[in-house]
Amino acid sequence: MKRKFKTMDANEAVANVAYRLNEVIAIYPITPSSAMGEWADQWAAEGVPNIWGTVPQVTEMQSEGGAAGAVHGALQTGALATTFTASQGLLLMIPNMNKIAGELTPTAFHVSARTVATHALSIFGDHSDVMSCRTTGFAMLCSNSVQEAMDMALIAHAAALESRIPFLHFFDGFRTSHEVNKIEMLTEDDMRALINMDRVFEHRQRALSPDHPVLRGTAQNPDVYFQAREAGNPCYAACPDKVQEVMDKFSQVVGRSYHLFEYSGAPDAERMIVMMGSGAEAAQETVECLNRYGEKVGLLKVRLYRPFSIKHFLAVLPVTVKKIAVLDRTKESGSAGEPLYLDIVNAISEGRNEHVVQLEPVVVGGRYGLSSKEFTPSMVKAVYENLADNPKNHFTIGINDDVSHTSLDYDPEFSIELEAVVRAMFYGLGADGTVGANKNSIKIIGENTDNYAQGYFVYDSKKSGAMTVSHLRFGPQPIHSSYLISKANFVACHQWIFLERYDMLSALVPGGVFLLNSPFGPDEVWDHLPVEVQSQLIAKKAKFYVIDAYQVARDAGMGSRMNTIMQACFFAISKVLPRDEAIEAIRQSIRDTYGKKGEEVVQKNLRAVEETLAHLFEISVPEKTTSRVRMPAPFSPKAPEYEREVLGAIYAGHGDELPVSAFPCDGTFPTGTAKWEKRNLALEIPVWDAKTCIQCGKCAMVCPHAVIRIKVYDSRELENAPPTFRSTEARDKEWQGMKYTIQVAPEDCTGCGICVDICPAKNKSETRLKAINMEPQPPLRAPESENWDFFLKVPELDRRKIKLTTIRQQQVQEPLFEFSGACSGCGETPYLKLLSQLFGERAIIANATGCSSIFGGNLPTTPWTKNAEGRGPAWSNSLFEDNAEFGLGFRVSIDKQTEFARELVHRLSASIGEDFADVLLSAPQNDEADIYEQRTRVGVLKQLLQQVESPEARQLLSVADMLVKKSVWIVGGDGWAYDIGYGGLDHVLASGLNVNLLVLDTEVYSNTGGQASKSTPRAAVAKFAAGGKPGRKKDLGLMAMSYGNVYVASVAMGAKDEHTLKAFLEAEAYEGPSLIIAYSHCIAHGINMTTAMSDQKIAVDSGQWLLYRYNPERVLAGDNSLLLDSRTPTRKVKEFMEQQMRFKMLTKSKPENANRLWQEAQHDAETRFELYEYLAQRKTAQPASDTKPNQNEKPALAMAERLGGTK
Amino acid sequence: MIDLRTTYLGLELRTPLVASASPLSQELDGIRRLEDAGASAVVLYSLFEEQLRQEAMELEHHLSAGTESFAESLTYLPRHSEFRTGPEAYLNHIRKAKQAIDIPIIASLNGATLGGWTQHAEQMEQAGVDAIECNVYFIPTDPNVPGSEVEMAYIDILRAIKIAVHIPVAVKLSPFFSNMANMAMRLDQTGANGLVLFNRFYQPDINLEELELRPNILLSTPQAIDLPVPASVRLSGRQSCPRQIIHIIHTHTQKACDAYHTVVSISN
């Protein structure tokens, strides 16, 4: 039977096999493995059975540790179980892996190998995670390509059953996991042929069951543990042969052969590389090419890495080999060599000792490809050249190491790309449909023709306005080029703005095609191109095509999605398929892709295709450049040198060229760098109308990106103001006589429009306008930039003079969180901005992994910044699961250092002055004025200490800053707070320490693409809850309240902004643990992001989200601690749900579920409100006279009252 | 006992009271109650083709918003292979309603495209409905469209549907035709089995304080009969197809959106 060819990535290919061979799948999402679990979840929801006719049970756990535990339990009770993970997630599974291997339980884990976080986190691929599992006793099987990933997935499961040893099957994260390639599908019959049912039944027989009970997990003592541990040796000894037997069976059934170690290249090679992973594909291509040119080189691919069979390795090692380079895609600091290198050195050494190996090859080791760093044929060549003469050991390849000088030089121009292969690069804007169109093109070509196709997609680190680069190859032979295209014969630019930012033409080969989506017609486009682009087109004699895709899309009713249009252009120009065939194939794929989404969508897309070819023009490239337009520098020229040279280079896409010396040794970076980016994303920006404005401050408060700022200042500052700078009289009576300006940063705005939506003022003469209105950005860019620069120089109002209890005044505080890479209209960022305004200059933030850590800390820039005095939030992301504990560590450390400082002040009081010491130690620090004074005192103290010669003085100098109060914030999303980090969060709440926890609750795992968390409300659709979340949302606030000494607030800025402000003030003032749960709207809710903030009112009015403050201090005044700030619901939750696609889509996919769940959700809201109403109204017992909610002298309640925090 | 039986659209009715299109028929329970209360047939709430199209576009928009942009979250919502963005819910409702009651069910259709009219009408016929009421509900806003074109649109729609289905077809009319008698005659000639007089359009309001559109449903008053009765009298005796007058009775009972229709059959 002829097998089908399909195009897909490795995640899908592996999931395909793993799903069919298992009964229980327990997972936790982590990039880049999440898709495997999502496929499994989708198929289970659709009722797709495994090869035994039953539908696997897919369960999302609270962490990878939980997933491993669940898998362990499932296996131990006789089910066939698996999981998918990567990186830190895999590390969290290690304790269970040791147990599973120790108990000789067959299973296969599938890992899209990803970097383990060290000085930084990386979502990209290398072997550091799987290498951390070498000691677990799991077998390790490596795939180098998408086809191999599918094949090895089956081999792994079969071999595990045969050998009883659990398998870790891995393939490179992103490079293989996300590479789309044309593969031959394995059939269910193939799978049945490989799985020996006897082994399955034996597995079931060994299971824990009361029908034949056994004991496992005993505790053993020094007398027997060692022997018992060695008792499993025969299984490990037998394993390699068993794996080869399975591979041989696979070869018989399917036709592709694999071996534990595979040699390819010259049979009499003298130089050889040993490696595993996707890099081996590039190496193989290069070896073939080099040998064609007369070299004698070879490549040894490692497939079964554990158990490492020296016998099998030596059997394929050619006797002619004199020099071996072992390449490791990991780094083990402190080790004498990387893992694979050490294994090979050992294998040769043992081989020699047993007289198997005659020669003594020189073995050197090198590192490559960390975090998906490119590994290209030119680098492979360099490795062989290094071997030729006096080989360098412990080298690196692919970077320029000018610090430790480990790197090898390589020639980046060396290319082995074949002429017959179409190599196309597409530069698109995230969410404009470019990537989808390309994946579609690959499908069309791969599945409709005999051609092979490969696609790899490079995304941006920003969540909005991001650039995507698609690398597509098409050719008559299978494509093994596991690296990006550097010599493209087709380059398409789908966004005009990229011409100014990125050098897209350097990759174009002479005579290649450049396709541009241009708003300028064929007669004027040439003159609008930057001169750098013109000169490249001329030099390369490129063929130049343009189309106004946005116009065609708009005319066809497609809005801004121009995917099908650009796709049609590509086919028409590249002639990969004959034009008519290509267009027909596109039409068919439109019906296939969009058919289920409605005829309307299909028709629009078909219309777009019809119009495309009529609007595609070829431009003849003139002889000379004519343009006066130059590409601007990536970073503002005002940026400091480091920011410009290093971060600017990264921002412009030249990060690869930066040498090691450009980087800090410990992962520390400056703050305040996002301001240099000037992304110019917005087509329209808000413009302030001073006359209509009522100066409420709401626009500034809700702006996710801090591009709207307010200043109040003396009129003298207006001297030398730019001509269009706007200002008016301040209305607040405390600011009488002063000037007021709302200024927008025109180049940083993302155009979300939330400010306009929230503005309550209406222009009386032109009724459709408000006090802030959107207008086209381009004409405003220059004048408003000038205004912005001027605005920044206007001094900030003295913080001591700002009344924090009203938004009108509070929003004048300088934000120390600006211009993040968050999605346009993000719901989380306004809370962080508020935090930074109120407490930023004395805040230390522990940020959990998630959206906030990505937009908060993804290189090259960070939105966290400093004020003019150089103070601002200190920020760090540790891990996902440890964030609360990380922050607790901050607090304990700061408290200790403060205590020490106080002790030292006491001890040094004679030297610094008794009175001064007294004031230092007893001064209150309750408000901005107090803190200002204490800071001044500490400044004086430091000066005095300079004159005191003593070790104690030096100590005090090092901790003197601790005498000024510090604000510790523990921030993260609901994935952290409700699930993986809950244990830590709970412990921190129980600790009684003075920390503030801010949960940015999007009710779903936003950062990893919308998986359900325990915060997801009933009836919401999310990944792993495709049929609507069946259960209620976990009530984190209620659980926290049960401690009695935790301040808990539930807020929603869009519903009641002043309430949110109060809660932040009270939380900080409370001397104990404070928890703020902040409703954060998110793109994963499927909502209109412009009205999202004001739509929060419906959430509160319907009772779906309650507003409350539980303040333990209230008890001192004889009040109930809980203050329910929400009114009795006046709307049904249905009204809230109808606004959001995450609820609404259920009515289209599973209407019966929707009916039932929506009713239950209404009931939830009603009963929850009743409960809270009861809790808030009941009479509470007075506290015992000698108990206080906290140990400090001044009740926080009174403190908060001074700040105006409570009612 | 007076014999109140009559026929409408060729259907045998036990009384001249037909429940016209309203939200009451959105729930099966509502339909049963209408039957229990004595209605002789139920016209279901309208299926709006534009609404289906809008929902499909909205779903597509949200499923693709923000996708393929950031490597960790290439999509935000689960892929479903099946989305029912077409008229399936309505058609299922027809099927269930047919099983639930004995009196005839008439589907009400508001199409937006000619293809939509005929396709949905066919689907409704296949679902087992007894007749179709074309709720044309066309509000002309383009000053370049003359009245004759508006009238032609009604004729074309009717003609297309009559070709597509075998079950009876009624046309619900607005009162704003220049010569209602002429319109009725032409529709009759095109094959209409019934004319429904008249459609009452929603009357949205504008809140002058907020400058916001306020949707508005004004229930009819007893005076509303003044329009269709004389019209019907004028038409009597001149057409072969029976006409029904929609007489909206102002009711002081129960929910806000109830509307009962009197069927007066005037036949030759």
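The values are calculated or read from the model by the stated rules, or taken from the named source; none is laboratory data. Because the structure is a prediction, the values reported are computed rather than measured. Positions of Cβ are backbone-derived with ideal geometry, glycine not excepted, and every protein chain shown enters the neighbour counts. To get the accessible areas, we keep the full protein, side chains included, count just its heavy atoms, and leave off ligands, DNA and RNA. Shrake-Rupley method; radii C 1.70, N 1.55, O 1.52, S 1.80 Å.
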Residues of the stretch A:660-675 satisfying the condition of being under 20 Å from A:PHE635 (Cα atoms) and open to solvent by less than 30 Å² (accessible area, probe 1.4 Å): A:ALA662, A:GLY672, A:THR673, A:ALA674
Some residue of the stretch B:143-163 being under 26 Å from B:GLU88 (Cβ atoms) and outside any helix (DSSP H, G or I): no
Residue in the stretch A:163-207 that is farthest from the other protein chains (Cβ to nearest Cβ), counting only those that are polar (S, T, N, Q) and open to solvent by less than 10 Å² (accessible area, probe 1.4 Å): A:SER163
Options A:THR434, A:THR449: the member that is touching a His at 6+ places or on another chain (Cβ under 9 Å) and open to solvent by less than 30 Å² (accessible area, probe 1.4 Å): A:THR434
Those residues of the stretch A:367-405 which are part of a loop (DSSP other than H, G, I, E, B), open to solvent by 20 Å² or more (accessible area, probe 1.4 Å) and touching a Gly at 6+ places or on another chain (Cβ under 9 Å), in sequence order: A:LYS373, A:GLU374, A:THR376, A:LYS392, A:ASN393, A:HIS394
Condition met for B:HIS80 (within 14 Å of another protein chain (Cβ to nearest Cβ), surrounded by fewer than 19 Cβ atoms within 10 Å (Cβ to Cβ) and not charged (D, E, K, R)): no
Residues located in the stretch A:991-1011, provided they are more than 16 Å from A:ILE1077 (Cα to Cα) and among the β-branched types (Val, Ile, Thr): A:THR1008
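Going by the conditions given, is B:LEU52 within 14 Å of chain A (Cβ to nearest Cβ) and of a type in the set (A, V, I, L, M)? Reasoning before the result, please.
Values: within 14 Å of chain A (Cβ to nearest Cβ): yes; of a type in the set (A, V, I, L, M): yes.
Answer is yes for this residue.
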Boolean, A:VAL533 is in a strand (DSSP E or B), touching a strand residue (DSSP E or B) at 6+ places or on another chain (Cβ under 9 Å) and away from chain B (no Cβ under 14 Å): no
Residue list for the stretch A:316-360, filter: open to solvent by 20 Å² or more (accessible area, probe 1.4 Å), in contact with a Lys or Arg (Cβ under 9 Å, 6 or more places away or on another chain) and over 20 Å from A:ARG134 (Cα atoms): A:THR320, A:LYS322, A:LYS323, A:VAL356, A:GLN358, A:LEU359, A:GLU360
Strands (runs of 3 or more DSSP E) wholly inside the stretch A:441-502 containing at least 3 residues that are free of Cβ contacts under 8 Å to residues at least 60 places away in the same chain, closer than 25 Å to A:LYS373 by Cβ and within 14 Å of another protein chain (Cβ to nearest Cβ): A:467-475
Residues satisfying the stated conditions in the stretch B:112-129, i.e. part of a loop (DSSP other than H, G, I, E, B) and open to solvent by less than 10 Å² (accessible area, probe 1.4 Å): B:VAL129
Scope the stretch A:703-745; condition part of a strand (DSSP E or B) and under 25 Å from A:SER636 (Cβ atoms); matching residues: A:ILE708, A:ARG709, A:ILE710, A:LYS711, A:TYR713, A:THR741, A:ILE742, A:GLN743, A:VAL744
Residues that are over 19 Å from A:ALA1078 (Cα atoms) and open to solvent by less than 30 Å² (accessible area, probe 1.4 Å), drawn from the stretch A:1012-1028: A:ALA1019, A:VAL1021, A:ALA1022, A:LYS1023, A:ALA1025, A:ALA1026, A:GLY1027, A:GLY1028
The stretch A:293-307, subset part of a loop (DSSP other than H, G, I, E, B) and under 17 Å from A:ILE344 (Cβ atoms), residue most open to solvent (accessible area, probe 1.4 Å): A:PRO307
Search result, residues across the stretch A:781-801 that are touching a strand residue (DSSP E or B) at 6+ places or on another chain (Cβ under 9 Å), open to solvent by 30 Å² or more (accessible area, probe 1.4 Å) and over 19 Å from A:GLN837 (Cα atoms): A:ARG781, A:PHE790
The stretch B:147-181, residues that are touching a residue at least 40 places away in the same chain (Cβ under 8 Å), surrounded by fewer than 16 Cβ atoms within 10 Å (Cβ to Cβ) and not hydrophobic (A, V, I, L, M, F, W, C): B:ASP156, B:HIS166, B:PRO175
All positions within the stretch A:1126-1175 that are surrounded by fewer than 20 Cβ atoms within 10 Å (Cβ to Cβ) and in a loop (DSSP other than H, G, I, E, B): A:ARG1127, A:THR1128, A:PRO1129, A:THR1130, A:ARG1131, A:LYS1132, A:GLU1138, A:GLN1139
Qualifying position, being hydrophobic (A, V, I, L, M, F, W, C), within 14 Å of chain B (Cβ to nearest Cβ), in a loop (DSSP other than H, G, I, E, B) and open to solvent by 30 Å² or more (accessible area, probe 1.4 Å), among A:VAL55, A:VAL48: A:VAL48
Every residue from the stretch A:984-1003 that is on the phi > 0 side of the Ramachandran plot and open to solvent by 10 Å² or more (accessible area, probe 1.4 Å): A:GLY992
